[in-house]
Amino acid sequence: MSTSANKPSRSGQRHAYGVIRLLGLDDVMHSLGEQSFELYLEEFEYRLGQALRPADKFTQATPGKYRLALHGVAQASLIELAAAKLLRELKLPVDIIGDRLQFDFCMGFAAPQGECTNKQTAQAAEVALKTALQQQKSCVIADSDGVVPKQADPHLLPRFAEALERGELVLYYQAKVDAAFQRVVGAEGLVRWHHPEEKRVITPGEFIEAVENSELVKPMTEYLLRAGIARCVEWAPPLTVAINIPPAVLETADILPVVGDALQFFGLDAARLILEITERGELPDQSLQQLEALRGLGVKISIDDFGTGQCSLSYFRDLPADQVKIDASFVMAMQSSHKDRSIVRGCIDLAHHCEMQVVAEGVEDKQTAADLKEMGCDMLQGYWIGKPLPFEEFERAHLLGQAAEQEPDLFAALLK
Ligand code: C2E
Ligand code: CA
Ligand code: CA
């Protein structure tokens, strides 16, 4: 198929543009083999064609990256409808010669603005895609105020409240390994929504922002906290579990008894629980006091997405935290950008000077893992080590005998 993206339309009509990037293609290729991988891409392109209207166009820009033109669409609200449809239809399970998979992808869209040419709109869509990748959102739509996240579906929160009641939320676990000694040291719990009607697993990019801005954030976090602690008790000490705690929850007065009671109920040593707090800006005094009190229980505090916020260095020096997680956007760009590599090195040194441990997230390849080890990074997390998995698969892959056979191979290269 061909598209008019990047060229002014001959009719003078203005269109919305989008870019979709399939994620994790190396892994899919590796697990499926070349022939099935072709089928996988063909199925994606077929579905894309089916989900778009007949007047819309798409073309492949590079393998796994597609540009779309939404014919005659000028408003962000219409793009939202198109994006919601694409998310729904492209995420349905796909069967490739006996393997059941789900497409993992990110989208960026832009509506035409003011005097913008179609080419400029198409460029804005590329920026929106970049933002989606950096912020790990499934879709970002650019509008006249710059790039903004897609508006939430009005039915989402009521349905999410039911999901919480019905136990449709589950934690997937992603391994964290010690960079020097090659051992799995714990896992981060990442929420997934097993949606029975849509028959798919929904990733947080589609709901977490709306939930974090609603009162459901507290019951969700408490539920996941208990779920993670209950699993961790079954693992051999000193394996840890990390749970994401949104800043709004940290502000609530009862987070301390909730954590304390859950640890006591399941009988988990507090030192095996890590609370990941996102660095978005300076925390209010009340939250800082809560962090101190949580540390007083023996719980470890980790600063997530380190490097993306706007906090002063003295703020970090005084922050009651044990660990920082360098944001994946720096780690993933390390091989192609000297600046990002320097930022990563700087974060590691800064954190060590502040007596904090460092986890690098978004480690996708062997070279990055080796470089991080050489820079003195303490722990690694990312697709190269393992993707987030349902707990049985996590245990099989990383904690049982199978892992013992695989891991030395994975890390052998680092030791040479
Ligand atoms: P985060 O806490 O920074 O989590 C890391 C995200 O990066 C996860 O996406 C994970 O699947 C993804 N990731 C890990 N390694 C790699 C890699 O090598 N390459 C790439 N491209 N991505 C990698 P996920 O699970 O979709 O979560 C996205 C965000 O949603 C999280 O970012 C966190 O902010 C939020 N989230 C996830 N689970 C929870 C939760 O239980 N509670 C709350 N409040 N937020 C959560
Ligand atoms: Ca996290
Ligand atoms: Ca992060």
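The values are calculated or read from the model by the stated rules, or taken from the named source; none is laboratory data. In this text, all values refer to a predicted model and were calculated from it rather than measured experimentally. Cβ placement follows ideal geometry from the backbone for every residue including glycine, while neighbour counts extend to all protein chains displayed. Note: areas computed on protein heavy atoms with side chains; ligands, DNA, RNA excluded. Shrake-Rupley method; radii C 1.70, N 1.55, O 1.52, S 1.80 Å.
Side notes on the structure shown:
- Taken over region 16-141, the alpha-carbon convex hull comes to 96 cubic angstrom per residue.
- Net length gained if the chain between Asp365 and Gln123 were fully extended (0.36 nm per residue, minus Cα distance): 84.2 nm
- For the options Met332, Met356, Met29, a Gaussian network treatment of the chain with springs between C-alpha atoms closer than 10 Å singles out Met29 as fluctuating the most.
- Segment Glu34-His195, extension gain: residue separation times 0.36 nm, minus the distance between their alpha carbons: 54.9 nm
- Counting only protein heavy atoms and a probe of 1.4 Å, the accessible surface of the chain is 51% carbon and sulfur.
- Gaussian network model of the chain, springs between alpha carbon atoms under 10 Å - residue of Ala179, Ala110, Ala84 with greatest fluctuation: Ala84
- In this label model, Arg88 and His338 are separated by 5.0 nm, measuring between points 7 Å along each Cα→Cβ vector.
- For a straight C-alpha distance cut-off of 12 angstrom, the aspartates and glutamates reachable from Lys137 (same-chain residues fewer than eight places away being disregarded) are Asp104, Glu206, Glu209.
- Centre separation in Å (Cα based) which lies between region 318-353 and region 47-126: 33
- Shown here for region 174-244: chymotrypsin sites (Phe, Trp or Tyr not before Pro) in loop regions (DSSP other than H, G, I, E, B) with at most 12 other Cβ atoms within 10 Å, namely Phe181.
- Viscosity 0.692 mPa s, 37 °C: Kirkwood-radius Stokes-Einstein D of region 156-399 over Cα pairs, µm²/s: 178
- Positive-end ranking of Trp235, Leu90, Pro284 along the dipole of the chain, with charges on Cβ about the Cα centre, is headed by Leu90.
- Principal axis box of the chain, alpha-carbon based, largest edge first, Å: 67, 47, 45
- Cβ-Cβ FRET estimate between Leu156 and Glu45, R0 fixed at 30 Å, reported to 0.05: 0.55
- Accessible area of the chain divided out per residue, in Å², using a probe of 1.4 angstrom: 48
- Relative contact order computed over the chain (Cα-Cα under 8 Å; 6+ residues apart), in percent: 12
- Among Gly281, Gly98, Gly108: highest mean-square fluctuation, GNM of the chain, C-alpha pairs under 10 Å: Gly98
- For the chain, the 222 nm mean residue ellipticity estimated from helices alone, with every DSSP H stretch of n ≥ 4 adding -39500 (n - 2.57) and the total spread over all residues, rounds to -13000 deg cm²/dmol.
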